[in-house]
Amino acid sequence: MTEEDKKFFEDARSMFLTPGWEAFKADIQQAYESIDYDNCDSSDKFWTHKGARNALSFVLYYEEATIANEAQQEEDNASYL
């Protein structure tokens, strides 16, 4: 893992521990859950809602994905040693 990668993961872990990150995730979760496909009266509206949910999902799982990525990189580095 490069020093740049290490710095990125360190900064991300620090961010994930802040109250601001938790509040942001709660807001995103609320927005994600408020999207209701039952109220889509057209295919355009459905796809707009689907795109919004996909974007919000990316943010919701960013922390988990980043932590998993870091663990995978650490595992990959350990196997090279």
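The values are calculated or read from the model by the stated rules, or taken from the named source; none is laboratory data. The structure displayed is predicted, hence computed values, not measured ones. A quick note on method: Cβ atoms are made from the backbone with ideal geometry, for glycine too, and the neighbour counts reach across all protein chains shown. SASA here: full protein model, heavy atoms, side chains in, ligands and nucleic acids out. Shrake-Rupley method; radii C 1.70, N 1.55, O 1.52, S 1.80 Å.
Computed values, structure above
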| quantity | calculated |
| --- | --- |
| The chain: relative contact order in percent, alpha carbon pairs under 8 Å with at least 6 residues between | 41 percent |
| With 5 Å bins from 0: P(r) over the chain, alpha-carbon pairs, percent | 3, 13, 18, 17, 13, 11, 10, 8, 5, 2, 1, 0 |
| Between 0 and 90°, nearest 10: helix 62-80 axis offset from the chain longest Cα axis | 30 degrees |
| Å² of accessible area per residue within the chain, as computed with a 1.4 Å probe and no ligands counted | 75 Å² |
| Heavy-atom accessible surface of the chain: percent carbon and sulfur, 1.4 Å | 55 percent |
| Total charge dipole magnitude, the chain, about the Cα centre, Cβ charges on Lys, Arg, Asp, Glu only, Debye to nearest 20 | 220 debye |
| Karplus 3J(HN,Hα) series, Hz, for region 46-57 with 6.51 cos²θ - 1.76 cosθ + 1.60 (x for Gly, Pro) | 4, 5, 5, 5, 4, x, 5, 5, 5, 5, 5, 4 |
| The chain: Lys pairs at Cα distance under 26 angstrom, eight or more positions apart or on different chains | 4 |
